[in-house]
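S.K.: Take this structure first; my questions come after.
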Amino acid sequence: MSQTIVDRGLEGVVVGQTELSNVDGEAGRLTYRGYDIHDLAPHAGFEEICYLMLFGQLPNKYQLADLNVRLTANRMLPQPLIDWMQSMPRDAWPMDVLRTMISGLALFVPYMEEGAHASNPRAAIHLIAKTPSIVAAWDRIRRDLDPIDPLPNLSTAANFLYMRSGEIPIKAAERALDAYLVLLADHSYNASTFAGRVTASTRADIFAAATSAIATLEGDLHGGAPGKVMKMILDIGKPERAEAYVRELLARGERIMGMGHREYKVRDPRAQHLETMARELGEASDPKWYEIARALEDAANKVLHEEKPGKRIYANVEFYTAPTLYSLGIPADEFTCMFACGRMAGWTAHILEQLADNRLIRPQATYTGPPVMPFTPIDQRGRNGKNGNDVSSLLGSA
Ligand code: ACO
């Protein structure tokens, strides 16, 4: 009998093509349409990356101005969406709200045909522009404050900070958040992008596919890690305690959040930019968070090298995201939402790329259940399994 090879986690399996970004995990290199993020992060703004993702090239200043007009025109949220958020429990997790609202945006866009919205760059701009507006609106609503309308002359990053606080941010804060959004904009076939492409491959529209992508981002093996990195930093409290903390964590069989990556076998290239930002923002306010993060990375490298030799586990993008965003005044439970603000550029571009040359994505699984069995009518079935007829005991105490 031939043996089927099961690729759990699809590690190393190539399931498609993309022109949008490339990850070289051995060299530690990330490019967007051929441009190295080491060139893009310090020199290009998030809106330029959106243009690059959606239209295939870096914009000239007229093209960028045109895109900015369109982003500005799309930033305002429909009032019913704000009313809806106002009705939500104030302790709702920000990612639950954002995921619901991204899906909800579809309700305010006309249908092209039965049940389907147009999936095109116009819809992508709509999603990219509104995602930060939703995050900022919920940030205020849950603090019992009214949402603030975006300003027409501010960038995506500056507008987000303005819509949270009501104050136009200083240049250093705007620049740091802008570079963060650039660094998070795309990452080839990561789990959330792949989920978006799978959904798009059924010819579901861009709102459905973006909702799949954002739902897949949430877990801490993906975009849910940075809030937990911040929790570690806060728990550690001072740099000298980092090593003992790491040893205790691993002794309990837990993972160090923000460390390790399926693709990168070296330090994530985005980490160096985020580390610089975390350090610079810390120098301007409170250096403590950066200093603990730095000690934590050193301790994690040392202890993981001892405990898991040869595994090549290094800091990923989420590690210095935590002190960077925290230093910008963004609470830890909103970090994954910030990831979504940047990644919406990549998700929508991938969804459109999938639709432009589509084939249904439908893999197989090896069946491990019982063999084919004769059907027994319900009144002839006896006591089933060790738990008998008691559903409560099957459900357990949860
Ligand atoms: N801490 C401790 N051990 C780790 C870590 C970590 N952060 N990461 C991997 N390992 C260990 C595993 O325990 C495992 O060891 P074992 O073989 O002794 O059991 C080995 O390395 C391989 O782990 P896998 O889960 O098979 O590797 P995978 O390629 O799936 O890991 C992942 C990638 C999920 C990101 C992992 O490194 C991890 O859990 N990191 C922590 C969470 C995190 O930072 N998530 C954000 C990732 S970046 C992003 O998605 C944007």
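The values are calculated or read from the model by the stated rules, or taken from the named source; none is laboratory data. Since this is a predicted model, take the numbers as computed values, not measurements. Please note: Cβ atoms are built from the backbone with ideal geometry, for glycine as well, and neighbour counts cover all protein chains shown. Note: areas computed on protein heavy atoms with side chains; ligands, DNA, RNA excluded. Shrake-Rupley method; radii C 1.70, N 1.55, O 1.52, S 1.80 Å.
S.K.: Rounded, prolate or oblate: which one fits region 114-239, using the alpha carbon gyration tensor with axes a ≥ b ≥ c (rounded when a/c is under 1.5, else prolate when a/b beats b/c, else oblate)?
M.R.: Taking the square roots of the gyration eigenvalues as a ≥ b ≥ c, region 114-239 is oblate.
S.K.: If you don't mind, there's one more thing I want to ask. If exposed means no more than 12 neighbouring beta carbons inside 10 Å and the site is in a DSSP loop, what's the longest run of the chain without any exposed trypsin sites (Lys or Arg not before Pro)?
M.R.: 144-251
S.K.: List, largest first, the extents of the alpha carbons of the chain along their principal axes, each in whole Å.
M.R.: That gives 73, 59, 46 Å along the principal axes, largest extent first.
S.K.: Distance between the C-alpha centers of region 35-76 and region 159-180? Whole Å please.
M.R.: Using only Cα atoms to place each centre, the spacing works out to 17 Å.
S.K.: Give me the percent of the accessible area of the chain that comes from carbon and sulfur atoms, probe 1.4 Å, all protein chains in place.
M.R.: Result for the chain: 52 percent of the exposed heavy-atom area is carbon or sulfur.
S.K.: Provide the gained length on full extension for the span ASP390 to ARG90, in nm with one decimal, where the gain is 0.36 nm per separating residue minus the Cα-Cα distance.
M.R.: 104.3 nm
S.K.: In debye, nearest 20, what is the charge dipole magnitude of region 109-171 about its Cα centre with +1 on Lys and Arg Cβ and -1 on Asp and Glu Cβ, if you could check?
M.R.: Approximately 260 debye in magnitude.
S.K.: 7 Å from Cα along Cα→Cβ at both PHE375 and SER397: what's the point-to-point distance in nm?
M.R.: Each label point lies 7 Å from its Cα, and together they span 4.0 nm.
S.K.: Calculate, for ALA27 and SER103, the FRET efficiency according to 1/(1 + (r/R0)^6) with r their C-beta to C-beta distance and R0 35 Å; round to the nearest 0.05.
M.R.: 0.40
S.K.: Using label points projected 7 Å from each Cα along Cα→Cβ, tell me how many nm separate VAL266 and ALA118, to one decimal.
M.R.: If labels sit at VAL266 and ALA118, their model points lie 4.5 nm apart.
S.K.: Say each of LEU221 and TYR367 gets a label point 7 Å from the Cα, pointing the same way as Cα to Cβ; how far apart are those two points in nm?
M.R.: In this crude label model, LEU221 to TYR367 measures out at 2.6 nm.
S.K.: In sequence order, what are the phi-derived ³J(HN,Hα) couplings for region 147-162 according to the Karplus relation 6.51 cos²θ - 1.76 cosθ + 1.60 with θ = phi - 60°, rounded to whole Hz, with x for glycine and proline?
M.R.: x, 10, 5, x, 9, x, 9, 9, 5, 4, 5, 5, 4, 4, 5, 5
S.K.: I would also like to ask the following. Dipole of the chain, Cα-centred, from +1 at each Lys and Arg C-beta and -1 at each Asp and Glu C-beta, to the nearest 20 debye?
M.R.: It comes to approximately 700 debye.
S.K.: At 1.4 Å probe size, put TRP289, TRP347, TRP93 in order of accessible surface, largest to smallest.
M.R.: TRP93, TRP289, TRP347
S.K.: Continuing with this model, one more query. So what J values fall out for region 169-174 if you push phi through Karplus, 6.51 cos²θ - 1.76 cosθ + 1.60 with θ = phi - 60°, rounded to Hz, Gly and Pro as x?
M.R.: So the Karplus estimates, Gly and Pro as x, are x, 5, 4, 4, 5, 4 Hz.
S.K.: Per-residue ellipticity at 222 nm for the chain, helices alone: DSSP H runs ≥ 4 residues times -39500 (n - 2.57), over residue total, nearest 500 deg cm²/dmol?
M.R.: Helix contribution divided over all residues of the chain: -17000 deg cm²/dmol.
S.K.: Past the 18 Å Cα-Cα mark, which pairs from LYS265/LYS308; LYS265/LYS311; LYS265/LYS302; LYS288/LYS311; LYS238/LYS288?
M.R.: Listed pairs above 18 Å: LYS288/LYS311.
S.K.: So with the 1.4 Å probe, I'd like the accessible area per residue for region 225-325, rounded to whole Å².
M.R.: Result: 47 Å² per residue.
S.K.: Here is a follow-up. How would you classify region 225-325 from its alpha-carbon gyration tensor, with a ≥ b ≥ c the square roots of the eigenvalues: rounded for a/c under 1.5, else prolate if a/b is greater than b/c, otherwise oblate?
M.R.: Taking the square roots of the gyration eigenvalues as a ≥ b ≥ c, region 225-325 is oblate.
S.K.: If you don't mind, there's one more thing I want to ask. What whole-number distance in Å separates the alpha-carbon centres of region 305-345 and region 194-253?
M.R.: 8
S.K.: Sequence-distant or interchain residues sharing an amide H contact under 5 Å with ARG29, placed H: which?
M.R.: Residues meeting the amide H criterion: ASP24.
S.K.: Here's a follow-up. Are there any GluC sites (Glu not before Pro) in region 190-265 that are in a DSSP loop and have at most 13 other Cβ atoms within 10 Å? List them by number.
M.R.: Here the GluC sites (Glu not before Pro) that fit, given the DSSP loop and packing criteria, are GLU254.
S.K.: Order ILE313, ILE134, ILE378, most accessible first, counting only protein heavy atoms with a 1.4 angstrom probe.
M.R.: Putting ILE313, ILE134, ILE378 in descending order of accessible area: ILE378, ILE313, ILE134.
S.K.: Just want to confirm a number: the relative contact order over region 225-325, from Cα pairs under 8 angstrom separated by 6+ residues, in percent.
M.R.: Computed value for region 225-325: 45 percent relative contact order.
S.K.: With a 1.4 Å probe and all protein chains kept in place, how much accessible area does ASP286 have, in Å² rounded to the nearest 10?
M.R.: Taking all protein chains as shown, ASP286 has close to 60 Å².
S.K.: What number comes out for accessible area per residue over region 64-151 if the probe is 1.4 Å? Units Å², please.
M.R.: 48
S.K.: Quick one: what are the phi-derived ³J(HN,Hα) couplings along region 345-358, Karplus 6.51/-1.76/1.60 with θ = phi - 60°, whole Hz, x for glycine and proline?
M.R.: With coefficients 6.51, -1.76 and 1.60, one gets 4, x, 4, 5, 5, 5, 4, 5, 5, 4, 5, 5, 8, 8 Hz.
S.K.: Among the chymotrypsin sites (Phe, Trp or Tyr not before Pro) within region 93-167, which fall in a DSSP loop and have no more than 12 other Cβ atoms within 10 Å of their own Cβ?
M.R.: TYR111
S.K.: Same structure, new question: Give me, ordered by chain and number, the residues 5 or more places off MET259 or on other chains with an amide H under 5 Å from its own placed amide H.
M.R.: For MET259, whose amide H was placed from the backbone, the distant partners under 5 Å are ASN316.
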